[in-house]
Amino acid sequence: MKTFYITTPIYYANTLPHLGHLYTMVVADTIARSKRQRGIETYFLTGTDEHGINIERAAQKAGRTPQEQADYVVSYFKRMTSAFGLDTEHGGYDIFMRTTAPFHYQGVSELWRRIAKAKTPRGNDAIYKGHYEGWFCAPCAEYKTEDEYQKPKNEGDPPTCLIHETPLDRVSEESYFFRLSDYDEALLAAYAKPDFIRPEARANEVISFVRGGLQDLSVSRLKTSVSWGVPVPDDPAHTMYVWFDALSNYITAIGFGNEERERAVGFEKFWPALHLMGKDILRFHAVYWPAFLLAAGIELPRAIVAHGMWVDPNGRKMSKTLGNTIELDVLQKHFAVDAIRYFCLREMVFGQDGRFGYENLIDRSNSDLASGLGNLSSRTLTMIEKYCDSRIPTGKISEEKLLFAKRTGVDTDETTVAGFIETARDQFLLYFENLAFSRALEAAWSIVARVDKMITDAKPWDLAKDENQKQTLGAVLYRAAEALRWLNVLLFPVMPQATRAMWKQLGLEGDPGKIDPATLKWGELPDGTSIGEVVPIFPRLDKAQVMSAIKSPESRSPEPPAPAAAEGVTSFIEIDDFAKVDLRVGQVLSAERIPKADKLLLLKVDLGEAEPRTILAGIAQYYEPEKLVGRKIVVVANLRPRKLRGYESQGMVVAASYGEEGKPVIATFTEDVPNGARLK
Ligand code: MSP
């Protein structure tokens with residue numbers, strides 16, 4: 001049985017993900033689904049990179065332990081992957097890998113030991129102990145050479161990172177080194193394998209980097225400098241370099257160095273992988289990682305594929321500092337998941353950078369999905385409903401009706417349209433195989449255009465008026481429906497939810513996700529099939545309305561609440577004091593403003609009790625009442641009720657408060673939790 005293994009990078013657990021991170025997951029998910037659809041046993045990995053100084057610092061800033069910081073980011077990631085249908089439950093990833101998993105510690109230690117025992121192609125020890133002195137950029141987790149940093153303006157100040165514009169740390173310490181310099185020839189030989197690094201332009205960059213000469217790589221930091229990481233085997237005074245730790249996740253996840261994982265997944269079964277990543281981290285994947293694998297005597301990856309970066313409409317890279325990241329909460333709130341997936345794959349020419357603007361997303365969604373594919377599906381099915389009693393017609397034109405059909409200009413030979421669609425399918429698959437997703441989608445949309453034209457030219461609404469044209473009408477509608485069946489199979493990996501919904505509307509059994517598009521045969525749509533209920537799949541978006549909703553401050557997800565510790569805890573209480581406070585999960589059932597009280601909202605909150613509670617909250621200046629409905633919040637349930645503005649408030653809503661005006665941010669949950677659950 002053929003197997004396939006695909007990975008995304010594992011994302012740093014120091015910040016919340018944005019569109020850029022989502023993108024790699026969407027592409028990998030699409031590829032994984034297309035492999036599964038073709039009957040190939042597929043393993044798809046994504047996850048988080050949880051060690052290193054950045055996580056330590058982010059945790060410190062947030063008043064958390066590094067593990068709490070990682071858990072917090074992971075819970076957000078998981079909520080998002082579920083909302084975007086990328087998790088296991090929705091047929092997406094097979095593992096959400098975390099480098100804090102015990103089996104990973106075991107696997108990465110095994111990899112280190114193997115390399116530490118190995119000799120390089122030039123007969124030297126692959127790992128040696130030395131001394132490192134250099135400028136280290138914590139956000140990049142990399143030492144910087146002179147051409148990679150900005151010299152300081154004032155003498156004595158540290159240089160700054162060209163990417164992050166933050167000061168570098170001077171690091172001078174004992175360190176283990178990986179003798180990368182001995183692997184140049186072996187790497188260049190590996191790059192000779194066709195399509196090992198894609199796209200070709202990027203492969204050439206990597207080749208010239210290696211030809212330019214490689215320096216040995218520091219692969220450990222003293223535990224006193226970086227403690228949050230995997231200890232070096234047999235020398236716990238050292239912590240492994242975070243990239244050594246992170247890259248090895250690709251093999252530890254499937255069983256390298258751990259028998260239980262090997263049994264559960266299978267390194268032997270799935271390795272080598274196709275690694276997908278942004279071009280920003282290609283060097284780590286195309287130079288360091290293969291060199292580690294060569295040293296350990298492990299087969300090299302199947303392919304290393306770098307995609308371009310999403311930039312803002314002005315061409316600037318997305319970053320938290322510039323404030324131009326596309327937040328996943330906002331995307332999710334205003335757009336259908338499949339529209340986002342389609343946009344990601346259609347808009348970005350794979351491998352090149354792509355501009356992201358909400359307007360573009362709305363335009364594409366309206367033109368290609370609502371007016372294009374969606375309209376083709378609903379107009380075809382509506383006509384089948386109306387003219388064919390909701391059953392797929394036969395599509396055949398008998399000898400005696402041929403002459404009538406010919407007069408209308410409708411092609412009496414269905415092989416013409418079938419041939420066109422088969423060719424488009426072949427093109428689609430070829431482009432898809434070459435990761436040219438936007439081209440593949442163009443090929444699919446050539447089918448949409450062709451079938452639309454066929455319908456418009458044939459004018460079924462006129463044919464329906466003439467008894468002699470009944471078969472002609474049936475033929476046109478059959479062809480359109482059959483084309484839709486093909487489109488749903490082809491497009492399944494890109495839009496799993498929408499294609500499944502359209503499939504059902506066509507009245508079809510089974511799952512388009514289980515049909516190999518290469519095996520589609522024209523005419524296998526069974527006639528007589530009763531179609532399902534016709535509902536529009538891609539509603540039209542009102543551009544002005546969506547844009548103004550996106551721009552409203554309500555739409556922005558509040559930054560993760562600043563922890564109390566930031567302001568310093570001043571006195572302590574005992575656990576019993578805390579236990580006196582009965583904090584409960586509540587769900588807002590209704591929310592409204594109170595006349596003449598511009599700060600208060602009147603909430604009805606379900607705490608899992610017989611009756612909902614009435615609670616007044618001083619948040620009216622910051623929250624639109626209707627946006628709160630349905631939201632899970634935290635309520636102090638045993639606060640003595642008190643009267644306010646003629647209402648009895650039976651509890652208090654818990655919110656963080658920050659800034660000079662004490663802006664409230666309501667506490668909420670990132671995971672599902674029943675109403676009335678107690679917080680302890
Ligand atoms: N932790 C490392 C990767 C270790 S893999 C063994 C890391 N993490 S990251 O959180 O910074 O994620 C980088 C990846 O996120 C990129 O390679 C890319 O896949 C994705 N993207 C982040 N920003 C992006 C864009 N603006 N556009 C497209 N993808 C982007 O590096």
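The values are calculated or read from the model by the stated rules, or taken from the named source; none is laboratory data. No experiment lies behind these values; they were computed from the predicted model shown. Heads up, the Cβs are rebuilt from the backbone with ideal geometry, glycines too, and the neighbour counts pull from every protein chain shown. Quick note on the areas: whole protein, heavy atoms, side chains included, nothing else; ligands and nucleic acids left out. Shrake-Rupley method; radii C 1.70, N 1.55, O 1.52, S 1.80 Å.
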Please give the calculated 222 nm ellipticity per residue for the chain, where each DSSP H segment of at least 4 residues contributes -39500 (n - 2.57) and the sum is spread over every residue; nearest 500 deg cm²/dmol?
-11000 deg cm²/dmol
Within the range 283-317, which residues have the backbone N less than 19 Å from the label spot 7 Å out from residue 200 along Cα→beta-carbon, could you tell me?
303-308
Yeah, the range 132-280 with a ≥ b ≥ c from its alpha-carbon gyration tensor (a/c under 1.5 is rounded, else prolate when a/b outruns b/c, oblate otherwise) is oblate
With a ≥ b ≥ c taken as the square roots of the eigenvalues of the C-alpha gyration tensor of the chain, please select rounded if a/c is under 1.5 and otherwise prolate if a/b is larger than b/c or oblate if it is not?
oblate
Could you tell me the calculated FRET efficiency between residue 75 and residue 456, based on Cβ-Cβ distance and R0 = 41 angstrom, to the nearest 0.05?
0.20
State the cysteines of the chain left without a partner when partners are defined as other cysteines whose beta carbon lies under 4.7 Å away.
344, 388
Could you list which residues have their amide H under 5 Å from that of residue 97, counting only those 5 or more apart in sequence or on another chain, with H placed in the peptide plane?
46, 47, 48
With r defined as the distance between the Cβ atoms of residue 614 and residue 509 and R0 fixed at 41 Å, what FRET efficiency is calculated, to the nearest 0.05?
0.20
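Using the Cα gyration tensor of the range 333-477, with a ≥ b ≥ c the square roots of its eigenvalues, what is the shape: rounded (a/c below 1.5), prolate (a/b larger than b/c) or oblate (neither)? Write down the numbers at each step before the final one.
Numbers: a/c = 3.34, a/b = 1.95, b/c = 1.72.
It comes out prolate by the Cα gyration axes.
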Of 42, 97, 55, whose Cα points farthest to the positive end of the dipole of the range 1-146 (charges on the beta-carbon: +1 Lys, Arg; -1 Asp, Glu; origin at the Cα centre)?
42
How high is the relative contact order of the chain, in percent, counting Cα pairs under 8 Å that sit 6 or more residues apart?
11
The FRET efficiency for residue 597 and residue 88, from their Cβ-Cβ distance with R0 = 51 Å and rounded to 0.05, is 0.60
For the range 137-178, state what percent of all Cα-Cα pairs lands in each successive 5 Å bin, counting from 0 Å until the bin that includes the largest distance.
6, 23, 30, 21, 12, 6, 2
Order the following by accessible area, largest value first: 606, 462, 389. Probe radius 1.4 Å; ligands, DNA and RNA are ignored.
389, 462, 606
Which value, in Å², gives the accessible area per residue of the chain when a 1.4 Å probe is used on the protein heavy atoms?
46
Mind giving me the nanometre distance, one decimal, between the label points for residue 402 and residue 497, set 7 Å out from Cα along Cα→Cβ?
4.9
Convert each backbone phi in the range 169-180 into a coupling constant with the Karplus relation 6.51 cos²θ - 1.76 cosθ + 1.60 (shift: θ = phi - 60°), then list the ³J(HN,Hα) values in order as whole Hz, x for Gly and Pro.
9, 7, 10, 9, 6, 5, 8, 7, 10, 9, 7, 4
What is the distance, in nm, between label points placed 7 Å from the Cα along the Cα-to-Cβ direction at residue 154 and at residue 61?
2.3
Using a Cα-Cα cut-off of under 25 Å, which lysines could be cross-linked to residue 465, ignoring same-chain neighbours fewer than 8 residues away?
386, 396, 401, 406, 453
Segment residue 415-residue 118, extension gain: residue separation times 0.36 nm, minus the distance between their alpha carbons:
100.7 nm
Fully extended contour minus Cα-Cα distance, from residue 669 to residue 638, at 0.36 nm per residue
9.1 nm
Would you work out what percent of the accessible area of the chain, with all protein chains in place, is carbon or sulfur (probe 1.4 Å)?
50
Give me the distance in nm between label points sitting 7 Å out from Cα along the Cα-to-Cβ direction at residue 535 and residue 316, one decimal.
4.2
Dipole of the chain [Lys/Arg +1, Asp/Glu -1 at C-beta], most positive-end residue of 24, 314, 112:
314
